[in-house]
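Engineer: Sharing a structure, written as structure tokens. Questions coming.
The values are calculated or read from the model by the stated rules, or taken from the named source; none is laboratory data. Keep in mind that this is a model prediction, so the values were computed, not measured. Cβ coordinates were reconstructed from backbone atoms using ideal geometry, including for glycine residues, and neighbour counts include every protein chain displayed.
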Amino acid sequence: MAETLNTKRRFPGSRYLLIGLVPIMLAGCASQHGQTWFDRWGKCALGGGLAGAAAGATHSGSSAAAGGGIGLLLGGAICALTNKPPAPPAPAPAPEPEVTVIEEVVEVPPPPPPVKEEAHPLPPERLDSLYFQFDSTKIEKNSEQVLENAAKTLERFPHIHLKVNGYTDSTGPASYNDKLSVRRAQSVKQYLVEKKGISASRIQASGLGELQVNNATREGRAHNRRVDLELFAPEPPKPPQPSDQYQGQ
């Protein structure tokens, strides 16, 4: 009885030690998430055992051993209840889908090559002829369309000139026919200048006299009484040549 009283006097607050250590163990167990097995379970059990042993030591040594065992189990149970497994890590965000931008390539066809314009386009190879009645210089009605076409050609090709060559058949004196061929050529030139507005400088009128072919028939002689129209390009003027300078002494 005296021993028991002495023990109680030596550890007057030991019975409350276990009660005080329980919150500490709970706080320690609650802070063990994510650590090792010993950190999570061993420390709680060890703390519980120490608390139980201290409480049992207030009575006797056997009580201390029993209290330690009970505290060990109690600490492990508290950790089992309070030590929840750590939450799984949040899944990594899914990668954003790659957006492939496909640029539409529009092929633009190359421009056509420039049209090379000739400095002097070529006129028709030939023009129609005009035909006259016997011993006449009058332009017939059916010849007006021929001269109309000739005027349009000269307007289209301003760099081109026109030769007007007059002819006769072999009937009559040759000297007379020479003058008649000239008058026929002049009548055509006058028509183009006065009625079609062609510059006289672009028309070269010549009388070439008698044609000596097909004069034996009436049709042949009618064919020889005519004026031929011939287009030509005048030669460009030659550059002036430097005159020889007198070398005086």
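Engineer: Anything in the stretch 150-167 that is assigned to a helix (DSSP H, G or I) and β-branched (Val, Ile, Thr)? List them, or say none.
Structural biologist: From the stretch 150-167, those assigned to a helix (DSSP H, G or I) are 150-156; that's our starting set.
Correct list: Thr153 only.
Engineer: Could you count how many residues in the stretch 190-213 are touching a Gly at 6+ places or on another chain (Cβ under 8 Å) and touching a residue at least 24 places away in the same chain (Cβ under 8 Å)?
Structural biologist: Total meeting the criteria: 4.
Engineer: Quickly run through the stretch 214-239 and pick out the residues that are within 16 Å of Tyr167 (Cβ to Cβ) and either part of a loop (DSSP other than H, G, I, E, B) or acidic (Asp, Glu) (or both). Can you show your working first?
Structural biologist: Taking the stretch 214-239 and keeping what is within 16 Å of Tyr167 (Cβ to Cβ), we get 214-215, 219-230.
Matches in the stretch 214-239: Asn214, Asn215, Glu219, Arg225, Asp228, Glu230.
Engineer: Same structure, new question: State which residue is farthest from the chain's Cα centre (by Cα) when the search covers only the stretch 158-216 and only residues that are closer than 15 Å to Leu130 by Cα and aromatic (Phe, Trp, Tyr).
Structural biologist: If we take residues in the stretch 158-216 being closer than 15 Å to Leu130 by Cα and aromatic (Phe, Trp, Tyr), then Tyr167 is farthest from the chain's Cα centre (by Cα).
Engineer: Go through (1) more than 17 Å from Ala174 (Cα to Cα); (2) among the polar types (S, T, N, Q); (3) at pLDDT 95 or above one by one and return the number of the condition Thr217 breaks.
Structural biologist: So the condition that Thr217 fails would be (3).
Engineer: Condition (residue is among the acidic types (Asp, Glu), surrounded by fewer than 17 Cβ atoms within 10 Å (Cβ to Cβ) and over 21 Å from Ser143 (Cβ atoms)) applied to the stretch 193-201: is it met by at least one residue?
Structural biologist: Within the stretch 193-201, the first condition is being among the acidic types (Asp, Glu), and the residues that meet it are 194.
From what is left, the residues that are surrounded by fewer than 17 Cβ atoms within 10 Å (Cβ to Cβ) are 194.
Then keep just the ones that are over 21 Å from Ser143 (Cβ atoms); that gives none.
For the stretch 193-201, residues among the acidic types (Asp, Glu), surrounded by fewer than 17 Cβ atoms within 10 Å (Cβ to Cβ) and over 21 Å from Ser143 (Cβ atoms): absent.
Engineer: Only one residue in Ser136, Ser170, Ser181 is in a loop (DSSP other than H, G, I, E, B) and at pLDDT 95 or above. Which one? Spell out the reasoning first.
Structural biologist: Values: Ser170 fails: at pLDDT 95 or above; Ser181 fails: in a loop (DSSP other than H, G, I, E, B).
Sole residue among the options that is in a loop (DSSP other than H, G, I, E, B) and at pLDDT 95 or above: Ser136.
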